[in-house]
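The values are calculated or read from the model by the stated rules, or taken from the named source; none is laboratory data. Fair warning: this is a prediction, and the values are worked out from it, not measured in the lab. Every residue, glycine among them, receives a Cβ derived from its backbone with ideal geometry; neighbour counts consider all protein chains shown. These accessible areas exclude ligands, DNA and RNA; they are computed on the full protein's heavy atoms, side chains included. Shrake-Rupley method; radii C 1.70, N 1.55, O 1.52, S 1.80 Å.
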Amino acid sequence: MTLLSKNDQQAVTAAISAVERETDAELVTVLTAQSDNYSYIPLLWAGILALLVPGIANYVGSWLGADTLLLVQWGTFILLSLLFRLPGINTRLIPQQVRYWRASNLARRQFLEQNLHHTKGATGVLIFVSEAERYVEILVDQGIADVLDNAVWEGIVADFTAKVRQGQTRQGFLDCIAACGRLLQEHVPATHERNELPNHLVILP
C-alpha cells in the first residue's frame, strides 16, 4: 500500500480543478489505506485453529498429557493471533464480501461527511478508494444520477481497480478524474463558476 505523496496529491487537486471548470459537478476524492482493521478476523481464525491443533496433536502423539495439550492450544492461539495481524496475511484471511462491505459502508459515510449531499443542484460526485481492499467506488448525488445511469461508471471503476492492484493509485486517480470529467462536461456542463467543496485529495488516517 502506497498512499500518495504531496506531489501526487497536488496532481490530483489540479486534475479536479481542471474538470470542475467545465462542469457544474462537484468532485471529491477520498483515499484510505484500509477501511477497517478487522481485528476480530485474526482472533477468529486463531481460535478455530487453536481448537483443532490439540486434537490433531493428540491423535498423532497420544502420549501427550492434558497439561501439554493445553499449553499447545494456548501457544497456538497466541502465535497465530500475532502472525495473522501481519498486513500481508490479515488481508488474505478476510472474505472478499466482508472487505467490500466494509469499504462500501465507509464510502457512503464519506459521501455524507464530505457534504456531497448538500451541493447546489445535487451534483456531488465521490471517487472513493480503499487500497488494502482493492476497492474503488464512484457515488453520485441525484442531480448526476438523473442524467447519467450508474452503469456508465462501471468501466471507469474497473480500470481504476486494476491500477490500484498494480500499485498505480496516482495514475488511477488521474485517469478516473479525466474519464469522469468527459462524461460530466457533456451531461452536466458548467453554467456558472462555483467551487462549493475542496478539490484536494482527502486521505483518511
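Miscellaneous remarks
- Residues in region 143-195 that are open to solvent by 50 Å² or more (accessible area, probe 1.4 Å), in contact (Cβ under 8 Å) with a residue 40 or more places away in the chain and among the β-branched types (Val, Ile, Thr): Val147, Thr191.
- Near pairs, Cβ below 7 angstrom, 6+ apart or cross-chain, from region 97-120 (over 14 Å from Thr29 (Cα atoms) and at pLDDT below 95) to any residue that is open to solvent by 70 Å² or more (accessible area, probe 1.4 Å) and assigned to a loop (DSSP other than H, G, I, E, B): Thr119/Glu196; Lys120/Glu196
- Residue under evaluation Asn37, criteria (1) outside any helix (DSSP H, G or I); (2) touching a helix residue (DSSP H, G or I) at 6+ places or on another chain (Cβ under 8 Å), criterion not met: (2)
- Within region 2-13, tally of residues that are over 15 Å from Glu131 (Cβ atoms) and surrounded by 13 or more Cβ atoms within 10 Å (Cβ to Cβ): 3
- The requirement of being of a type in the set (A, V, I, L, M, F, W, C), assigned to a loop (DSSP other than H, G, I, E, B) and closer than 23 Å to Asn7 by Cα is not satisfied by Leu126.
- When the residues of region 109-123 are filtered to those that are hydrophobic (A, V, I, L, M, F, W, C) and outside any loop (DSSP other than H, G, I, E, B), the one that is most open to solvent (accessible area, probe 1.4 Å) is Leu112.
- Condition broken by Asn90, with the remaining ones in (1) in a helix (DSSP H, G or I); (2) open to solvent by 20 Å² or more (accessible area, probe 1.4 Å) satisfied: (2)
- The one condition in (1) aliphatic (A, V, I, L, M); (2) touching a helix residue (DSSP H, G or I) at 6+ places or on another chain (Cβ under 9 Å); (3) farther than 24 Å from Leu183 by Cα; (4) open to solvent by less than 80 Å² (accessible area, probe 1.4 Å) that Leu79 fails to fulfil: (4)
- Yes/no for Arg99 being basic (Lys, Arg), buried (at least 19 other Cβ atoms within 10 Å of the Cβ) and not in a loop (DSSP other than H, G, I, E, B): yes
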